1. Sequence neighbours fewer than 8 away in the same chain don't count; with that in mind, list the aspartates and glutamates whose C-alpha is under 15 Å from K10.
2. Skip the ligands, DNA and RNA, and give the accessible area per residue of the chain with a 1.4 Å probe, whole Å².
3. Below 20 Å, Cα to Cα, which lysines can K28 reach? Residues fewer than 8 away in the same chain don't count.
4. At K6 and S32, where each label point lies 7 Å from the Cα along Cα→Cβ, what is the point-to-point distance in nanometres?
5. For Cα extents along the principal axes in Å, the choices are (i) 38, 17, 17; (ii) 34, 30, 17; (iii) 73, 39, 11; which was calculated from the structure?
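The values are calculated or read from the model by the stated rules, or taken from the named source; none is laboratory data. Note that the structure is a prediction, hence the values are computed from the model and not measured. Cβ atoms come from the backbone with ideal geometry, glycine included; neighbour counts cover every protein chain shown. Surface accessibility is based on the protein's heavy atoms, side chains included, excluding ligands, DNA and RNA. Shrake-Rupley method; radii C 1.70, N 1.55, O 1.52, S 1.80 Å.
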Amino acid sequence: MRRSNKLLEKRRAFVLEYIQENQEKQMKVIVSELSEKLFVTERTIYTIINEGTQLKAS
């Protein structure tokens, strides 16, 4: 099943915002919490994080 681009963008924005708000926590804890909230795998969360950092670096 394909996801809409709008949904993917909202999820990406939520993940990056959540990381900003919870910087004091360890990354492993943040990824675990996001995985439970969004019902996606930890690998997907890490992929979103990597994409977000690449966009910021550009």
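1. E51
2. 82
3. Partners within reach: K37.
4. Once both label points are built, they end up 3.6 nm from each other.
5. (ii)
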